[in-house]
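Asker: The structure is given below, and queries will be raised subsequently.
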Amino acid sequence: MKTNFPVLYTERFVLRKMDESDANEVFAYFSDDEVTRYYDLESFTEINQAVQVINRWGERFDKNEGYRWGIADRETNKIIGSCGYHSWEKEHFKAEIGFELNRSHWRKGVMTEVLSPILEFGFAQMGLNRIEAFYDPDNTASKQCLEKAGFIYEGVLRQAAYEKGVFCDAAVCSILKEEYGKKQSI
């Protein structure tokens, strides 16, 4: 039985499923070299690339393999970024979280605000015990954002990925359900 995509709310944003009508906004930030600098894909050069990534995220949900919420401004309903789960290993009760944001919204507390309901969803609705994140060790903004959300730095996986023609390191951090529960009760 197919379920509807869960919509989550924060003070400033609606976290919703994206569709092809959101392609212009997704293209706007994925065509920005600063946004894709630490991302595992090349900057977009064609709008169809945005359509493809939106459809891929939708297929992941349809196959019960993950969730990717579009971060929509409550006032305009325009997508300014996305956040969600992939690499969902149900037998191990864990998933990887990832996110990106239009550069015009950096350093405005957006990810801090949206991570809270997404983490809550992961632990309460997906039954996760561990949520992990991988990021480029040079990406201090992602590191700080994740630490603010309660993630614990675990270390660096040397040359763990091959991206954009080079081997690169990946820093890893995680948050456990028991840690998240303690953080919420403070």
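The values are calculated or read from the model by the stated rules, or taken from the named source; none is laboratory data. Owing to the predicted nature of the structure, the values given are computational and were not obtained by experimental measurement. Cβ coordinates were reconstructed from backbone atoms using ideal geometry, including for glycine residues, and neighbour counts include every protein chain displayed.
Asker: Regarding Ile97, is this residue more than 12 Å from Tyr29 (Cα to Cα), of a type in the set (Val, Ile, Thr) and not in a loop (DSSP other than H, G, I, E, B)?
Answerer: yes
Asker: Right, something else. Confirm whether Ile47 is modelled with pLDDT of 95 or more, surrounded by fewer than 22 Cβ atoms within 10 Å (Cβ to Cβ) and not hydroxyl-bearing (Ser, Thr, Tyr).
Answerer: Yes.
Asker: Can you tell me which residue within the range 140-186, out of those that are assigned to a loop (DSSP other than H, G, I, E, B) and not charged (D, E, K, R), is surrounded by the most Cβ atoms within 10 Å (Cβ to Cβ)?
Answerer: Per the stated criteria, the residue is Phe151.
Asker: Report, by residue number, each residue of the range 94-113 that is out of contact with any Leu (no Cβ under 9 Å at 6 or more places or on another chain), closer than 17 Å to Tyr39 by Cβ and touching a residue at least 40 places away in the same chain (Cβ under 8 Å).
Answerer: Glu100, Leu101, Asn102, Arg103
Asker: Is there any pair linking a residue in the range 133-149 that is within 23 Å of Gly122 (Cα to Cα) to one that is assigned to a helix (DSSP H, G or I), with Cβ under 6 Å and at least six apart or on different chains, and which?
Answerer: Listed by first residue and then by second, the contacts come to Ala133/Leu146; Tyr135/Ser142; Cys145/Met111; Lys148/Thr112; Ala149/Leu115.
Asker: Let me ask another. Somewhere in the range 115-130, is a residue part of a strand (DSSP E or B), at pLDDT 95 or above and surrounded by 14 or more Cβ atoms within 10 Å (Cβ to Cβ)?
Answerer: Within the range 115-130, one or more residues are part of a strand (DSSP E or B), at pLDDT 95 or above and surrounded by 14 or more Cβ atoms within 10 Å (Cβ to Cβ).
Asker: So Ser116 fits all but one of (1) within 24 Å of Ala28 (Cβ to Cβ); (2) in contact (Cβ under 8 Å) with a residue 40 or more places away in the chain; what number is the exception?
Answerer: (1)
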